[in-house]
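Worksheet: the structure to be examined is printed underneath.
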Amino acid sequence: MNKIAFFDSSHDLPEEIISAAGYIPYKILGDVHASNEPADQYLQNFFCPAAKSFFTEALHKSGDWSGIVVAQGCNTTNRHFDVWKMHIKTPFLYWFNAPVKNDEIALGFMKKEIKAFIDALESFFKVKIGDDKIRESIRVANEIKKLLQKLSAMRSTKDIPNRDYLQAILVTLQQNRMDAVASLEQISREWSARPAFPSGKKKALLTGSDVSYPEWMDTLDKCDVRVVRDDLSIGERYFSGLIPESGDPIESLARYYLNIPRPATKPGLRGRIEFLKSILRTTPIDGIVSQNLKFCEPFAYDSVSVNNALKEDGHKLIHFEREFTPVTDQQIVTRLTAFTETL
Amino acid sequence: MNTKNTANNANIAKEQIKVEVLPHAKDLKSVMLYYLIKGELYSKLPWKKTAWTCAGFPVEFLWAYDMFPLHPENMSTVAAARKQSLRLIEHTEAMGYSRDLCSYCKTSMGAFDTGIKTTLGGIAKPDLVTCTNTICDTHWKWFQIMAEKMNVPFYMFDIPKWVSGTSEKKLEEYIDYVVEQFHDFSAFMERNFGKKLNEKKMRKTLATSTELTNLWREIYEYRKAVPSPYSAAETSASFFPLVVLPGKKIGVKFYKKILGDIQMRVAETKGTLPEGKEQFRLLFEGIPFWYRMRFMFDLARYGAVVTYEPYTYSFSPVKPSADVPFEQALRAVAKIMMDLPYSYNLERRIDYFNNAVDEYKIDGVILHENMSCRPSSTGMIDLKNAIQKEKNIPVLILQCDMNDPRAFAEGPIMTRVESFIEMMRENKKKRG
Ligand code: SF4
Ligand code: SF4
């Protein structure tokens, strides 16, 4: 099965349509171990390094993909699209203008965008994407979401290193979704047999920029921080809700994507804070880890209001900026260790 | 600092060449005062309403609701010009905002929090906060935070992105989406303020606004003349009415006077530099360094004149005629919101710049790679390469910031400018 890769800075692209077209939706996640030098030729040093890594990956791997879709998310998506168009060789480069708002007008627009996306895939790849196929891919997507919900819940009760949780999601985002169901079922069986939550670890809520490489999750573990809840797109936002399986599948997808908890790349600051508060009400948490990838503007803007609101409620919180690197940042380790001691 | 280059500086800038400003340039002061005083009045009188808004927003809408538009970005430029921006930025950073965020936003947040005077860049609490995401995400992120903080209604227009290769069919769909939001905005205004859109007022405002932008575009036609009668040393300030006062007669009057001065200069084959001194015609892309406006004047020392800036031109789109059916006018406004030269996609931007190089007889291009403004800096490397290749003229990328003086390293910047001047000199020689 061939892959159609996508650049999605949160969880905005209805990847179910790609599955329904008979392709593997492959989320571009970059490679923290590879140099960003190829991207540096076209994108300056003060741009988000994750987005630069996505671009580098696309420069290297586009030949393996049948096409690339870019979904509107943060500012990097729409502006970098043009740079991608100029330098990346791909037979199919598509812009999916996910609306930024989520009211009824935006819903109508989202439906049109999904239909246009279907038309573009059908006409370019000579496939037919009927409602039945979309429904089937929604069903599989929901199976994945339910399995991830189950795995996510185990974080509070079992010994699940942070890396394992992130890897379960990362693998899901890049493989055939039917195979992902099988992998997640296997992981679920394996995790069920794990020992109980280790007594020396602190339970944390992780918020801020997406984390796309496990080495950073290791740093948290090294400091005895266990992430048991989060609001990341490569995280709970991906599976916090299910896609309605009855009715018009395009309407279902549009509603689902516009109604999942809002990330910093979309308006709804109060909603973001409320979502985090609801997590804190329902899950016992020792502290909050708020982190911002260097040059990731949407989360940097939100972090002050979000963190102040959570601190005002009496929660313990640490905030820091991190680089895009697999190397452990000793300064962060020192600060995190000191923070854990206060919990 | 490199001492070899300092010596070079001395050789290049032997002469003190001064920009000769237009006779009516000083009238801008009264236009600005009008704006500031009127803004203060609207903010103080309980029955009057004000709105914060941003670049790329059709201000005519606000006038049609009798809402006075206050521009935080614009007030940030005032703060920078009055040498206040650094302390305000640092104030905001102390509140937890990252050094990497837009310095307009941080200046404005600092100005609001410290409550400095409007003449220094301060801004009053509005009744409404409204913006778009057409130019950048910063606008809505910043405005949303402030609306929450001030507990003021917030309305944001979601403008789809006209990326490279967007089809006409898609554009029409995008326009439909924006027009629907105009109607939604009307309902929002009625709900929150009991105000209905005054169509007659809107048409009148659009008519005046059209007059204003037409005048500005006419002024730019004259800027094509050699020697250039008007440079960025002046336009960087005089484009102000286009941003904050479209639809107001006071701006029209000012531009008529400026245009008169320019026509006179062109008729006499006079330029903004003294006779025979214009050697290099430049295109400057990006927001000027507001805390260091002298930069534009300093270029005169090398016989260089900034003849064209896409940034200042951006604020003068062709507006819909006042007599077209209202729905058609709304569609035209929606298209304008997606179609600002400042946010052109890369393919259009390259064509646009290449045309400008020809039309304005440009010898070299300075691109301000603005660390505050990632949207406008994206694609700049490709833009540079394309202009150099297709137009065979030097292009200088200056990494800096429009409001944060910490980013302006005087020595290295001027050294690079001087090398650039030398490159233009060599290039002109080669080209004969
Ligand atoms: S890390 Fe932040 S800036 Fe980078 S792509 Fe993601 S949301 Fe955008
Ligand atoms: S400088 Fe750039 S990022 Fe800042 S408000 Fe203006 S357009 Fe947006």
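The values are calculated or read from the model by the stated rules, or taken from the named source; none is laboratory data. Only a predicted model underlies this, so the values are computations on that prediction, with no experimental measurement involved. Cβ sites come from the backbone with ideal geometry, for glycine too, and all protein chains shown count toward neighbours. The accessibility values were calculated without ligands, DNA or RNA, using every heavy atom of the protein model including side chains. Shrake-Rupley method; radii C 1.70, N 1.55, O 1.52, S 1.80 Å.
Consider the stretch A:88-142 and keep the residues that are open to solvent by 30 Å² or more (accessible area, probe 1.4 Å), within 14 Å of chain B (Cβ to nearest Cβ) and of a type in the set (Asp, Glu). The one that is farthest from B:Thr132 (Cα to Cα) is A:Asp119.
Comparison of A:Glu274, A:Glu251 shows that the only residue that is in a helix (DSSP H, G or I), within 30 Å of B:Pro153 (Cα to Cα) and within 14 Å of chain B (Cβ to nearest Cβ) is A:Glu274. When A:Ala20 is tested against the conditions (1) open to solvent by 20 Å² or more (accessible area, probe 1.4 Å); (2) closer than 25 Å to A:Ser252 by Cβ; (3) away from chain B (no Cβ under 14 Å); (4) at pLDDT 95 or above, the lone failure is (1). Of the residues B:Leu206, B:Leu242, B:Leu215, the single one that is in contact with an Asp or Glu (Cβ under 6 Å, 6 or more places away or on another chain) and outside the structural domain of B:Ser30 (by TED's automatic domain parsing) is B:Leu206. A:Asn45 meets all of the listed conditions (1) within 16 Å of ligand 1 (Cβ to nearest atom); (2) touching a Ser or Thr at 6+ places or on another chain (Cβ under 7 Å); (3) open to solvent by 20 Å² or more (accessible area, probe 1.4 Å); (4) not in a helix (DSSP H, G or I) but one, namely (2).
Can you work out which of the residues in the stretch B:164-182 that are assigned to a loop (DSSP other than H, G, I, E, B) and either at pLDDT 95 or above or among the polar types (S, T, N, Q) (or both) is surrounded by the most Cβ atoms within 10 Å (Cβ to Cβ)? Only one residue fits best here, namely B:Ser164. Restricted to helices (runs of 4 or more DSSP H) entirely inside the stretch B:334-432, those with at least 2 residues that are touching a Leu at 6+ places or on another chain (Cβ under 9 Å) are B:346-359, B:380-391, B:410-431.
For the stretch A:49-68, a tally of residues being open to solvent by 20 Å² or more (accessible area, probe 1.4 Å) and either within 16 Å of ligand 2 (Cβ to nearest atom) or among the aliphatic types (A, V, I, L, M) (or both) returns 1. Screening the candidates A:Thr337, A:Thr283, A:Thr328 for the property of being touching a helix residue (DSSP H, G or I) at 6+ places or on another chain (Cβ under 8 Å) and open to solvent by less than 60 Å² (accessible area, probe 1.4 Å) yields one hit, A:Thr328.
When A:Asn78, A:Asn45 are checked against the criterion of being closer than 30 Å to B:Ser98 by Cβ and within 16 Å of ligand 2 (Cβ to nearest atom), a single residue qualifies: A:Asn78.
Residue-by-condition table, conditions (1) without any contact (Cβ under 8 Å) to a residue 40 or more places away in the chain; (2) under 12 Å from B:Gly286 (Cβ atoms); (3) away from ligand 1 (no atom under 16 Å from the Cβ); (4) in the same structural domain as B:Arg301 (by TED's automatic domain parsing):
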site	(1), (2), (3), (4)
B:Tyr352	no, no, yes, yes
B:Glu369	no, yes, yes, yes
B:Asp404	no, no, yes, yes
B:Arg416	yes, no, yes, yes
B:Ile421	no, no, yes, yes
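Among the conditions (1) open to solvent by less than 10 Å² (accessible area, probe 1.4 Å); (2) more than 11 Å from ligand 1 (Cβ to nearest atom); (3) in contact with a Ser or Thr (Cβ under 6 Å, 6 or more places away or on another chain), the only one that A:Thr77 does not satisfy is (2). Here B:Glu73, B:Glu90, B:Glu15 are screened, and the one residue that is acidic (Asp, Glu) and at pLDDT below 95 is B:Glu15. Filtering the stretch B:346-374 to residues that are within 14 Å of chain A (Cβ to nearest Cβ), open to solvent by 10 Å² or more (accessible area, probe 1.4 Å) and of a type outside the set (Val, Ile, Thr) leaves B:Glu347, B:Arg348, B:Asp351, B:Tyr352, B:Glu369, B:Met371, B:Cys373, B:Arg374. Exactly one residue out of A:Asp302, A:Asp313 is open to solvent by 20 Å² or more (accessible area, probe 1.4 Å) and under 30 Å from B:Cys105 (Cα atoms): that is A:Asp313.
Given the structure, is B:Gly121 within 7 Å of another protein chain (Cβ to nearest Cβ) and on the phi > 0 side of the Ramachandran plot? No; evaluated as a whole, the condition is false for this residue. For the stretch A:44-74, a residue qualifies if it is closer than 23 Å to B:Asn385 by Cα and facing chain B (nearest Cβ under 7 Å), and the qualifying residues are A:Gln44, A:Phe46, A:Phe47. Looking only at the stretch A:243-279, residues that are over 29 Å from A:His315 (Cβ atoms) and open to solvent by 40 Å² or more (accessible area, probe 1.4 Å) come to 7 in all.
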